[in-house]
Amino acid sequence: MVGFEVSAVAILVAVVVCGLLYWQAGLWPTKRFRADGGTVGETRAEFPDPTELLQWLVTVDHRRIGILYLAFGTVAGLWGATDAMMIRTELLTPESTVWTANTYNALFTTHGLTMLLLFVTPIFTGIGNYFVPLLIGADDMAFPRLNAIAFWLLPPSLVFVRIGLITETVGRLLEAVGLRVAFLFALEPPKLGWTLYPPLSAQTVNPETDVLLLGLHLSGIATTVAAINFIVTILLERGEDVSIADIDIFSWGILTMSGLILFAFPVLGSALIMLLLDRNLGTTFFVVDGGGPILWQHLFWFFGHPEVYIIVLPGLTLVSLILPKFAGRKVFGFRYMVYTTLAIGVLSFGVWAHHMFATGIDPRLRMSFMIVSVAIAVPSAIKTFSWIATLWNGRIRFTAPMLFCIGGVSTFIIGGITGVFLASIPVDLLMHDTWYVVGHFHFIIMGLIIFAMFAGSYYWFPIFTGKMYDRRLALIHIGLTFIGVWLAFTAMLLLGYAGLPRRYATYPPKFILLQQIATVGAYMISAGTFVWLWNLMQSYRKGQRITDADVWNLKETGQFTREWQWFENRLEEKRGDDR
């Protein structure tokens with residue numbers, strides 16, 4: 001079973017995030033620093049009024065809900081990343097010497113589900129909650145109470161997805177003090193793989209599988225409610241001076257993401273309910289004599305591939321928003337950036353069966369899906385050329401947000417090109433279910449998407465906190481993460497070229513060098529993430545306080561956008577109150 005390390009990290013992360021919320025509420029003792037580094041006294045807040053903390057639990061303010069989403073997504077992401085580190089540690093050796101094969105399968109299952117559904121989507125939902133109303137001139141989200149409900153459905157869904165680990169950990173702790181509670185060991189972490197393919201998922205007797213399916217369904221409901229809120233807010237709640245033509249590129253990304261969610265997540269929810277019925281009531285949706293296991297693949301991937309673009313599009317548009325700010329010019333071909341965002345959203349529903357080329361589906365169907373899978377690379381390529389054209393002859397400033405944007409573009413190019421190869425039927429039949437697919441996917445996920453998140457965290461850090469981050473630590477973070485991504489996932493591409501299947505806890509000894517290189521890269525990414533966390537926490541506590549809202553000199557190039565104007569007004573109000 002998965003050891004106590006995961007639980008220890010999860011508890012540590014929860015304490016860190018609670019501490020950040022504690023600071024945000026102004027409840028942490030702070031010191032005033034002199035120019036020479038000494039202190040001139042300490043100001044300690046009174047013991048917190050319970051109503052102050054209660055406000056975070058009952059808030060309907062879009063910015064506070066955005067912070068809650070970001071805190072939740074950070075906890076889930078670090079928990080899922082711990083799974084990844086444990087997987088990579090096991091793969092240091094060809095045999096199962098660190099964890100058992102069952103533990104490896106459980107880690108593989110929870111890592112994929114946690115990162116895709118409970119980390120990336122909530123993080124972008126949190127960024128959207130905080131900034132979309134500011135960017136479009138709205139007072140708040142269209143449905144503030146639904147906004148709060150959508151968030152508070154997510155914590156129980158995370159517990160349901162990972163409850164097998166939680167109950168086992170509690171059981172082992174009680175057992176250590178001489179008290180054995182048998183039912184706590186009944187829910188074992190699922191070992192199904194994150195795609196939950198029948199017949200294994202339909203036949204396994206582990207009751208945690210049912211709880212997992214309910215948790216995933218709950219997260220889908222939460223995501224769909226949030227998507228409806230975004231659509232109504234962007235289309236109907238804009239400020240009087242903001243027309244459709246004035247909507248910024250990031251809001252277009254959130255709008256397209258929300259549209260995809262409306263069509264994709266109900267299909268996943270239906271498939272989950274059908275699988276629950278097969279498991280508990282004896283229906284035959286996914287048994288051979290009924291719909292068959294292939295029906296699950298069609299339903300899952302009809303959701304699954306749009307889900308890739310649900311999490312990619314906000315990253316693409318976030319890069320398109322931030323990169324021009326540090327190139328000294330507006331994004332090249334803004335209108336076509338919007339068109340390509342919408343085109344990717346539409347085409348994403350026509351590519352799901354390229355995950356199923358090896359299942360023996362009709363060759364005519366395979367050909368049509370191959371054509372659309374290749375075609376969807378065209379709008380992605382247009383975005384790449386637009387970013388390059390924006391940089392060309394620009395006044396580039398290599399700040400932390402800009403470096404992460406450039407790094408994200410470079411990994412997106414590799415991830416996109418390797419995806420075009422996988423869209424080709426002959427190549428896919430050779431590469432299917434090898435480490436090549438893992439490398440391709442993670443060049444997008446850990447490259448573009450996570451790089452865009454880090455860029456956003458540094459770019460908007462002054463708005464979140466009123467302070468500036470430590471630039472030296474940010475550069476260390478960039479270096480570790482960039483090198484780590486290229487080491488880890490290039491090695492995976494090479495493993496796939498060599499024909500090594502994925503999803504196995506063991507492998508032939510001849511692949512040990514590439515596996516160890518991939519693990520070293522993963523450890524570097526992990527180290528960079530801890531540098532990022534330390535930087536944010538320390539900068540929040542002791543960072544240079546912002547007095548001028550134009551921290552990036554955006555007024556000089558006419559890119560001082562609405563969220564920074566709001567921040568400037570907020571600083572002026574604070575100064576007026578201090579007087």
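The values are calculated or read from the model by the stated rules, or taken from the named source; none is laboratory data. Because the structure is a prediction, the values reported are computed rather than measured. Note: ideal-geometry Cβ built from the backbone for every residue, glycine included; neighbour counts use all protein chains shown. These area figures cover heavy atoms from the full protein model, side chains too; ligands, DNA and RNA do not enter into them. Shrake-Rupley method; radii C 1.70, N 1.55, O 1.52, S 1.80 Å.
Over the chain, give the accessible area per residue in Å² for a 1.4 Å probe, as an integer.
That works out to 42 Å² per residue.
Just the ratio, please: alpha-carbon radius of gyration of the chain over 2.2 N^0.38 Å, N its number of residues.
0.97
Let me spell out the model: positive unit charges on the Cβ of Lys and Arg, negative unit charges on the Cβ of Asp and Glu, origin at the Cα centre of region 512-579. What dipole size does that give, in debye rounded to 20?
Using only the charged Cβ atoms, the result is roughly 260 debye.
Would you be so kind as to identify which of V372, I67, P508 lies farthest towards the positive end of the dipole of the chain, taking Lys and Arg as +1 and Asp and Glu as -1 on Cβ and the Cα centre as origin?
Result: P508, furthest along the dipole toward the positive end.
Which far-off residues, 5 or more places away or on another chain, put their amide H under 5 Å from the one on W99, with H placed in the peptide plane?
Those qualifying (amide H under 5 Å, at least 5 residues apart or on another chain) number zero.
Could you pull out the pairs from K330/K383; K330/K555; K467/K542; K325/K542 whose alpha carbons sit more than 19 Å apart here?
Distance filter (> 19 Å) returns K325/K542.
What's the carbon and sulfur percent of region 336-449's accessible surface, probe 1.4 angstrom, rounded to a whole number?
Here carbon and sulfur together make up 78 percent of the probe-accessible area.
Counting only C-alpha contacts under 8 Å and six or more residues apart, can you give the relative contact order of the chain as a whole percent?
Value for the chain: 13 percent.
What is the extension gain from Q203 to Y336, computed as 0.36 nm multiplied by their sequence separation minus the C-alpha to C-alpha distance, in nm to one decimal?
Computed gain between Q203 and Y336 is 43.0 nm.
Please label the shape of region 157-237 as rounded, prolate or oblate, based on the square roots a ≥ b ≥ c of the eigenvalues of the alpha-carbon gyration tensor (a/c under 1.5 means rounded; beyond that, a/b larger than b/c means prolate, else oblate).
Note, shape of region 157-237 comes out oblate.
For Cα pairs less than 8 Å apart in space and 6+ apart in sequence, what is the mean separation divided by the residue count of region 379-455, i.e. the relative contact order in percent?
Rounded, it is 45 percent for region 379-455.
Sorted from largest down, give the three principal axis spans of the alpha carbons of region 449-549, whole angstrom values.
For region 449-549, the Cα spread along each principal axis is 58, 19, 19 Å.
Residue by residue through region 434-449, what is 3J(HN,Hα) from phi via Karplus (6.51 cos²θ - 1.76 cosθ + 1.60, θ = phi - 60°)? Round to whole Hz and write x for glycine and proline.
Working through the residues one at a time gives 10, 5, 4, 5, 5, x, 4, 5, 6, 5, 7, 5, 7, x, 4, 5 Hz.
Quickly estimate the mean residue ellipticity at 222 nm for the chain, helices only: each DSSP H run with n ≥ 4 gives -39500 (n - 2.57), and the total goes over all residues, rounded to 500.
Taken over the chain, the calculation gives -22500 deg cm²/dmol.
If you take every residue apart from F511 with its C-beta less than 13 Å away from the C-beta of F511, what net charge results, scoring Lys and Arg +1 and Asp and Glu -1?
For residues surrounding F511, the net value is +1.
Going by a ≥ b ≥ c, the root eigenvalues of the Cα gyration tensor, does region 157-313 fall in the rounded group (a/c under 1.5), the prolate group (a/b larger than b/c) or the oblate group?
It comes out oblate by the Cα gyration axes.
Could you tell me which residue out of S457, A327, T384 lies farthest along the dipole of the chain toward its positive end? Charges go on the beta carbon: Lys and Arg +1, Asp and Glu -1, centred on the Cα centre.
Of the candidates, A327 comes out farthest on the positive side.
Once both labels are modelled 7 Å past Cα along the beta-carbon direction, what's the T283-L295 spacing in nm?
0.9
Given H placed 1.01 Å from N in the peptide plane, which residues other than close sequence neighbours of T434 have an amide H under 5 Å from its amide H?
R502
For M370, what accessible area in Å² do you get when you roll a 1.4 Å probe over the heavy atoms of the protein chains, rounding to the nearest 10?
Accessible area, nearest 10 Å²: 40 Å².
Can you list the HN-Hα couplings for region 89-97, worked out from phi with the Karplus curve (6.51, -1.76, 1.60; θ = phi - 60°), rounded to whole Hz and with x for Gly and Pro?
Along region 89-97, the couplings run 5, 4, 7, 5, 10, x, 9, 7, 9 Hz.
Expressed as an acute angle from 0 to 90° and rounded to the nearest 10, what is the orientation of the C-alpha long axis of helix 249-281 relative to the principal long axis of the chain?
40
Rounding to the nearest 10 and keeping the result within 0 to 90°, find how far the Cα-based axis of helix 562-578 lies from the longest principal axis of the chain.
Once rounded, the angle reads 50 degrees.
Is region 205-271 best put as rounded, prolate or oblate by its Cα gyration tensor, with a ≥ b ≥ c the root eigenvalues, rounded for a/c under 1.5, and otherwise prolate when a/b is larger than b/c, oblate when not?
Verdict is prolate for region 205-271.
Quick one: Karplus J couplings for region 128-137, per residue in order, coefficients 6.51, -1.76, 1.60, θ = phi - 60°, nearest Hz, x for Gly and Pro?
Going residue by residue, I get x, 4, 6, 9, 4, x, 5, 6, 9, x Hz, with x marking Gly and Pro.
What angle do you read, to the nearest 10 degrees and between 0 and 90, between the alpha-carbon axis of helix 163-176 and the longest principal axis of the chain?
That works out to roughly 90 degrees.
Taking H placed 1.01 Å from N in the peptide plane, check which residues at least 5 places from K467 or on another chain put their amide H under 5 Å from its amide H.
I546
How many angstrom lie between the Cα centre of region 135-186 and the Cα centre of region 71-114?
With region 135-186 and region 71-114 each reduced to a Cα centre, they are spaced 19 Å.
How big is the dipole moment of the chain about its Cα centre under a simple scheme where the beta carbon of each Lys and Arg is +1, that of each Asp and Glu is -1, and everything else is neutral? Debye, nearest 20, please.
About 1240 debye.
Could you calculate the FRET efficiency of R180 with S368 from 1/(1 + (r/R0)^6), where r is the beta carbon distance between them and R0 is 45 Å, rounded to 0.05?
Here the calculated transfer efficiency is 0.20.
Can you tell which of F560, A142, T359 lies farthest toward the positive end of the dipole of the chain, using +1 and -1 charges on the Cβ of basic and acidic side chains (Lys, Arg; Asp, Glu)?
Of the options given, the answer is F560.
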